[in-house]
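Report on the following structure.
The values are calculated or read from the model by the stated rules, or taken from the named source; none is laboratory data. The shown structure was predicted, so the numbers you read here are calculated from the model rather than taken from an experiment. Ideal geometry is used to build each Cβ from the backbone, glycine not excepted, and the neighbour counts take in all protein chains shown.
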Amino acid sequence: MRKTAYLFEEEPASKKAVSFAKHFFQKFWKVVLVKNKDIQKLKLSKNDIFIFPGGNSAHYGESISQKNKLLIKNFIRNGGSIIGICAGAYYLAESFNWHSGSWVEKSTDNLQIAQVEAEGPLQNLPFTDVPGEGTLCLKIIDEESKEKKWVYYYAGNWFNFVPSSSVKTIARYEVNGLPAIVEGNYGNGSYWLSGPHIEWDISDTYE
């Protein structure tokens, strides 16, 4: 049976991020778009996947109801899977730190699935087309194969591991060696978080 991936499409998820995520993940799974009001109606099984795409990380905590947060966490704890990309990755972390110059915004109103603190955006990037936002294409390095791949980056995060966590680094940013993609377990389920936008395939654009 083909797995179903439930992709959150409502604000603060951005329309562009939802579109790219749908196009990418439907290569592997059946993708169903959902809003906050739909979550309670879903018949989630341990074979399913929930996806939080890019958008506004600070507002994710306000947009998902407390009841739905518990439903999602129970779904993962009982064997389901969840993916967070950029803002979605910030939201799934235990907490996040958002840097804006000398000012740091901290948030703990997260889903708190992953045993990490998400921190971003990356500082002192080599090139950017939106000052202060860090919109660019950069390379990540696969932790096992050491293969390098261009990815799209828009103010994404890196991950600081919580002490005694069992989080695994999948890829690092070439520019500074910090964890860019991680995975781990929550109860009987699993999570996969990506700071950069891996769902937008730009490998044939940058050589």
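Key figures for this structure:
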{"item": "Complete set of residues in segment 13-36 that are basic (Lys, Arg) and in contact with a Ser or Thr (Cβ under 9 Å, 6 or more places away or on another chain)", "result": "30"}
{"item": "Matching option when the condition is of a type in the set (Asp, Glu) and either surrounded by 24 or more Cβ atoms within 10 Å (Cβ to Cβ) or in contact with a Ser or Thr (Cβ under 7 Å, 6 or more places away or on another chain) (or both), among 117, 105", "result": "117"}
{"item": "Residue match in segment 110-120 (condition: out of contact with any helix residue (DSSP H, G or I) (no Cβ under 9 Å at 6 or more places or on another chain) and at pLDDT below 90)", "result": "no"}
{"item": "Scan of segment 52-66 for residues that are at pLDDT 95 or above and outside any loop (DSSP other than H, G, I, E, B), ordered by number", "result": "52"}
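Residues checked against (1) modelled with pLDDT under 95; (2) under 22 Å from residue 77 (Cα atoms):
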site	(1), (2)
154	yes, no
169	no, yes
177	no, no
187	no, yes
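Residue-wise test of (1) touching a residue at least 24 places away in the same chain (Cβ under 8 Å); (2) closer than 20 Å to residue 156 by Cβ.
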position	(1), (2)
2	yes, no
6	yes, no
10	yes, no
18	yes, yes
22	no, yes
25	yes, yes
30	yes, no
35	yes, no
38	no, no
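Yes/no matrix, rows are residues, columns are (1) crowded, with 24+ Cβ neighbours inside 10 Å; (2) in a strand (DSSP E or B); (3) among the aliphatic types (A, V, I, L, M); (4) touching a His at 6+ places or on another chain (Cβ under 8 Å):
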| position | (1), (2), (3), (4) |
| --- | --- |
| 37 | no, no, no, no |
| 44 | no, no, yes, no |
| 47 | no, no, no, no |
| 50 | yes, yes, no, no |
| 68 | no, no, no, no |
| 72 | no, no, yes, no |
| 79 | no, no, no, no |
| 91 | yes, no, no, no |
| 94 | no, yes, no, no |
